[in-house]
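Enquirer: This is the structure, below, for whatever I ask next.
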Amino acid sequence: MSVLKIAIQKSGRLSENSKKLLEECGIKFSNGISVLKTKAHNFPVEVLFLRDDDIPQYVEQQVADIGILGENMVYEKAKEVDVVEQLGFATCRLSLAIPKEETYTGPGYFMNKKIATSYPKLLTDFLNKNKIKAEIEEISGSVEIAPGIGLADAICDIVSSGSTLLTNGLHEVETILKSQAVIISCKNLDADKKKILDNLLFRIRAVKNAKENKYILLNAPESAIKRICDILPGMKSPTVLPLAEKGWCSLHSVVREDEFWESITQLKAAGAEGILVIPIEKMIL
Ligand code: ATP
Ligand code: MG
């Protein structure tokens with residue numbers, strides 16, 4: 001019986017969400033997470049806990065069949081793997097930042113400057129594309145302090161809110177790559193493992209769709225139903241049920257999380273009352 005080996009980050013910014021995603025897909029693990037490897041007892045997968053830097057290599061070499069990690073690391077390592085799904089968490093960007101008192105004049109600013117980074121490949125690609133000659137100082141962590149201690153003139157690092165940059169007296173001037181967590185797969189998965197991966201992706205998409213949508217219930221007079229249906233098309237079309245009170249209906253539908261507040265305002269204006277909005281656990285389209 002085939003087992004799909006999944007590599008996830010052992011501890012760090014990706015580990016909690018990676019584990020949560022597998023749990024939300026109904027996959028249960030018998031061991032704690034202190035081990036390096038654990039088998040699910042209700043789905044044919046085994047999880048390997050690794051440093052995120054090592055995941056692309058292990059997937060390329062088929063030590064693991066698939067892995068969960070940031071796109072930044074996937075493209076920095078540039079191994080022979082396929083990106084099969086974007087997961088929507090760990091959103092961040094790889095950016096260039098310079099001391100805040102410096103005026104940015106465009107990519108030419110970096111000519112003959114020294115840039116500290118943990119992403120030498122992606123930075124080199126950016127510099128080559130812009131025909132800039134600069135010195136790259138490769139360091140593995142705490143990149144943002146490099147200009148302050150005189151190690152470099154600028155940095156190229158992961159940014160999310162930008163508060164770490166501000167604290168270190170830097171400002172962001174270029175974005176090299178936008179990143180989120182993804183699933184990578186080794187090339188040439190055998191047919192049995194491919195089947196397990198497809199099943200896993202089916203579950204992941206159901207979880208993702210559920211998070212992006214809400215279930216909505218409301219009451220409205222019959223005369224308002226047509227207008228409300230136009231605002232809330234739902235998955236196929238809304239469910240309309242009669243209420244005990246004559247002339248009134250209850251309407252059930254699905255609304256996208258990002259359109260939710262706008263829809264509520266329109267629904268109220270159309271005559272909806274007693275609006276309930278409920279999270280969806282799984283959604284299969
Ligand atoms: P490891 O010990 O596994 O090598 P690490 O210290 O290199 O871990 P983390 O800081 O845990 O890595 O970050 C892992 C990934 O999370 C990054 O490669 C990036 O994709 C994403 N990430 C990093 N910083 C942020 C952030 N501030 N906000 C959102 N996502 C981030
Ligand atoms: Mg790392």
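The values are calculated or read from the model by the stated rules, or taken from the named source; none is laboratory data. As the structure is a computational prediction, the values presented were derived from the model and not from experiment. Glycine gets a Cβ as well: all are built from the backbone with ideal geometry, and neighbour counts include every protein chain shown. Note: areas computed on protein heavy atoms with side chains; ligands, DNA, RNA excluded. Shrake-Rupley method; radii C 1.70, N 1.55, O 1.52, S 1.80 Å.
Enquirer: So which residues in the range 69-103 are out of contact with any Asp or Glu (no Cβ under 9 Å at 6 or more places or on another chain) and either farther than 13 Å from K178 by Cα or at pLDDT below 95 (or both), if there are any at all?
Expert: A78, D82, V84, E85, L87, K100, E101, T103, listed by residue number.
Enquirer: Name the single residue, out of those in the range 44-71 being assigned to a helix (DSSP H, G or I) and near ligand 2 (Cβ under 10 Å from one of its atoms), that is least open to solvent (accessible area, probe 1.4 Å).
Expert: Of the range 44-71, the ones assigned to a helix (DSSP H, G or I) are 52-60, 71.
Narrowing further to those that are near ligand 2 (Cβ under 10 Å from one of its atoms): 52-55.
Working: D52: 33, D53: 46, D54: 57, I55: 0 Å².
This residue is I55.
Residue-by-condition table, conditions (1) more than 27 Å from L21 (Cα to Cα); (2) in a helix (DSSP H, G or I):
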position	(1), (2)
E76	no, yes
D82	no, no
G88	no, no
R93	no, no
I98	yes, no
T105	yes, no
N112	yes, no
I115	yes, no
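Enquirer: Suppose the filter is without any contact (Cβ under 8 Å) to a residue 60 or more places away in the chain and open to solvent by less than 40 Å² (accessible area, probe 1.4 Å); does L127 pass it? Even if it seems obvious, please write down each step before you answer.
Expert: Values: without any contact (Cβ under 8 Å) to a residue 60 or more places away in the chain: yes; open to solvent by less than 40 Å² (accessible area, probe 1.4 Å): yes.
For L127, the condition - without any contact (Cβ under 8 Å) to a residue 60 or more places away in the chain and open to solvent by less than 40 Å² (accessible area, probe 1.4 Å) - is met.
Enquirer: Also: If E172 passes every condition in (1) at pLDDT 95 or above; (2) out of contact with any Gly (no Cβ under 8 Å at 6 or more places or on another chain) but one, which one does it miss?
Expert: Of everything listed in (1) at pLDDT 95 or above; (2) out of contact with any Gly (no Cβ under 8 Å at 6 or more places or on another chain), E172 misses just condition (2).
Enquirer: While we're on this one: Which members of the range 230-284 meet the condition of being among the basic types (K, R) and not in a helix (DSSP H, G or I)? Before the answer, list the steps.
Expert: In the first step, residues of the range 230-284 are kept if they are among the basic types (K, R); the result is 236, 246, 256, 268, 282.
Residues satisfying the conditions are K236, K246, R256, K282.
The rows are residues; the columns are (1) out of contact with any Pro (no Cβ under 9 Å at 6 or more places or on another chain); (2) exposed (fewer than 15 other Cβ atoms within 10 Å of the Cβ).
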site: K195; (1), (2): yes, yes
site: F202; (1), (2): yes, yes
site: R205; (1), (2): yes, no
site: E212; (1), (2): yes, yes
site: S223; (1), (2): yes, yes
site: C229; (1), (2): no, no
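Enquirer: Does the range 175-193 hold any residues that are crowded, with 19+ Cβ neighbours inside 10 Å and either more than 11 Å from ligand 1 (Cβ to nearest atom) or modelled with pLDDT under 95 (or both), and which are they?
Expert: Of everything in the range 175-193, those that are crowded, with 19+ Cβ neighbours inside 10 Å and either more than 11 Å from ligand 1 (Cβ to nearest atom) or modelled with pLDDT under 95 (or both) turn out to be I176, I183, I184, S185, C186, L189, K193.
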